[in-house]
Structures are given as structure tokens and as C-alpha cells.
Amino acid sequence: MTPLADTHCHLDLPAFAADLPQVVERARQAGLGVLLNPGADLDSSRRAVALSRADELFRAGVGMHPHEAAAWRHTAGELAELARAPEVVAIGEIGLDYHYDLAPRELQREALAGQLSLARRLNLPVLLHHRDAAADFLAILRREGLPAAGGVVHAFTGDLAFAGALLDLGLHLGLGGMLTFPRAQELREVARWTPLDRTLLETDAPYLTPVPLRGRRNEPAFITFVRDRLATLRGISPEETASRTTSNAARLFRLPHLL
């Protein structure tokens, strides 16, 4: 059976403090071959690297989430140093979030531009977060440029036009539990249309738990529900869905052990 790749989960968070070994074991039993844990600030980026050093199933992302953008200027040097660790396979989670506006928008844009520059210097792919900021998001990506290594917009939400603009930039789209939500018809339309070689699976655990487990903490083992829903939408088998999406993750994040 082809291993699965959870390309975005946050197992360093307190939600997993009491039973992380059991969560990781369930992930292995469900067929996960990698858990990519991004950072949201300097401390969580350090925790992501520590998880990767403690367990070979993990890989780390290092980045400053838009909610934490006010700290970018003060931590840029330390994040850049941490990003050179061999366990780090991506810069992220970075982006823009105008829905909650937990950091001033000007600082969000500055942090995104700075971290795109870091990703280009290190030739690492980016893990991108976007919410309610499409015009500025696309403008910054086009102006600043993506790393040659590419990237993914995780937990994608949006219409076909937005998806097409991101794909035109060479990005992948990350699909997770929202694909199973009853009212996510637009997202399912995007999932049917997006080329499979540009599609990744993720959980965003502990968030966005898929149907039929809504109300529970999400965890990587639940990615099978996302795989199965995507397989149904595309009219292919769960095994082919796993094979195609895991191959994408292996290429994007340079994980040859998954191939």
C-alpha cells in the first residue's frame, strides 16, 4: 500500500501534549509515511524541528504565521538560522489572514515578503496560508516571486478562478477535512478540476476534522477520510489517490523515501 503524506499538521500544539505517542502510532497504523509539521512562530518552529529530530516520521516547516507577523522583524535572523537545519523541508506556515486581522495588514505583507525572500535564498518550498486576502496575496506572490522549489496553498478555500491563478504560479493546492463538509460544494468543484499532479492531502490537525468525525480533535490518521472523498470525486481508487498525492509531496518536499 502506498504511504500517505500529511503535508500540514500541528502536532506540537498543547492539544496533543497528553497522548502524542499514541497519535503518532495511529498515524503509522493508518499508513502515514510523513507528517509535515509547520511552525507558526519561532517557538513552534523550534518545536517542529525537535519533533523531526525525535521521530523520523516527522519533517519540519519553519515560519511566521500571519497572526504572528508583528514578531517577524525581531526573529527573522533566528528563523533563518533555524531554517538551515536538515530536518526543515519548507518555509511556513506563512501568508496573509485578513479574516481575523490579528496582526496589522502592513506587517503581514512585510512578513510574507521577507519569508518568500528567505525561501528563495534557501531554495525551500513554501507552505502558504491565505484567508480573505486574495488580491494582496496574489500581488505579493507575483511581485516577490516564489522559490524555484515551489510551494502549496494549504487548506485551500476559494473558487476556480482563484485556484487557477495559484496554479498558474506553479503552486500546489492542499486539500483537507473541509473537502468532506456538507456545504463545501465549491471546494469539491475545485478538487475535481485541479490536476492531480498539483494536489496534496493534509489534515491541519488538530483543526478541520473531517466528516463523519466532526466535533472531535483532528489527527493525521483521519487523512484517510480526505483521501477517500477525493478518490470518489475524481472517480479513481483510494490507492491511486494516495499514490498520486504522495508522489507530489515527495517531489515538492524532496522526500525520496516516499517514492
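Do we find a residue being of a type in the set (A, V, I, L, M), touching a Gly at 6+ places or on another chain (Cβ under 9 Å), crowded, with 22+ Cβ neighbours inside 10 Å and closer than 17 Å to residue 248 by Cβ anywhere in region 138-151? No - not one qualifying residue is present in region 138-151.
Among residues belonging to region 1-23 that are over 15 Å from the mean Cα position of the chain (by Cα) and assigned to a loop (DSSP other than H, G, I, E, B), point out the one that is farthest from residue 65 (Cα to Cα). Walk me through how you get there before you give the answer.
Applying the first criterion (over 15 Å from the mean Cα position of the chain (by Cα)) to region 1-23 yields 1-3, 13-23.
From what is left, the residues that are assigned to a loop (DSSP other than H, G, I, E, B) are 1-3, 13, 17-19.
On the way: 1: 35, 2: 32, 3: 29, 13: 14, 17: 21, 18: 25, 19: 25 Å.
Here the residue is 1.
Do we find a residue being polar (S, T, N, Q), surrounded by fewer than 24 Cβ atoms within 10 Å (Cβ to Cβ) and under 19 Å from the mean Cα position of the chain (by Cα) anywhere in region 64-80?
No; the residues of region 64-80 include none that is polar (S, T, N, Q), surrounded by fewer than 24 Cβ atoms within 10 Å (Cβ to Cβ) and under 19 Å from the mean Cα position of the chain (by Cα).
Just to be sure I understand, how many residues within region 159-178 are surrounded by 16 or more Cβ atoms within 10 Å (Cβ to Cβ) and either under 16 Å from residue 198 (Cα atoms) or modelled with pLDDT under 95 (or both)? Can you show your working first?
From region 159-178, those surrounded by 16 or more Cβ atoms within 10 Å (Cβ to Cβ) are 162-163, 165-167, 171-178; that's our starting set.
Filter again for either under 16 Å from residue 198 (Cα atoms) or modelled with pLDDT under 95 (or both), leaving 162-163, 165-167, 171-176.
Result for region 159-178: 11.
Here region 99-110 is the region considered, the condition is being surrounded by fewer than 22 Cβ atoms within 10 Å (Cβ to Cβ) and part of a helix (DSSP H, G or I), and the residue that is farthest from the chain's Cα centre (by Cα) is 106. No other residue among 203, 224 is closer than 18 Å to residue 33 by Cα, touching a Cys at 6+ places or on another chain (Cβ under 9 Å) and at pLDDT 95 or above apart from 203. Across region 114-128, a minimum of one residue is classified as charged (D, E, K, R), surrounded by fewer than 20 Cβ atoms within 10 Å (Cβ to Cβ) and over 14 Å from residue 62 (Cβ atoms). Considering the conditions (1) surrounded by fewer than 19 Cβ atoms within 10 Å (Cβ to Cβ); (2) more than 22 Å from residue 159 (Cα to Cα), residue 207 is excluded by exactly one of them, (2).
Considering each residue of region 39-50 in turn, none proves to be over 18 Å from the mean Cα position of the chain (by Cα), under 22 Å from residue 173 (Cα atoms) and surrounded by fewer than 18 Cβ atoms within 10 Å (Cβ to Cβ). For the residues 61, 92, 39, the requirement of being assigned to a loop (DSSP other than H, G, I, E, B), in contact with a Gly (Cβ under 6 Å, 6 or more places away or on another chain) and in contact (Cβ under 8 Å) with a residue 12 or more places away in the chain singles out 39. As an exercise: evaluate residue 80 against (1) over 22 Å from residue 203 (Cα atoms); (2) in contact with a Ser or Thr (Cβ under 9 Å, 6 or more places away or on another chain); (3) of a type in the set (A, V, I, L, M) and give the number of the one condition it does not meet. All conditions pass for residue 80, except number (2). Could you please let me know if residue 7 is modelled with pLDDT of 95 or more, of a type in the set (S, T, N, Q) and crowded, with 18+ Cβ neighbours inside 10 Å? Judged against the criteria, residue 7 is a match.
The values are calculated or read from the model by the stated rules, or taken from the named source; none is laboratory data. What you see is a predicted model; the values in this text were computed from it and never measured. All Cβ positions, glycine included, derive from the backbone under ideal geometry; neighbour counts span all protein chains shown.
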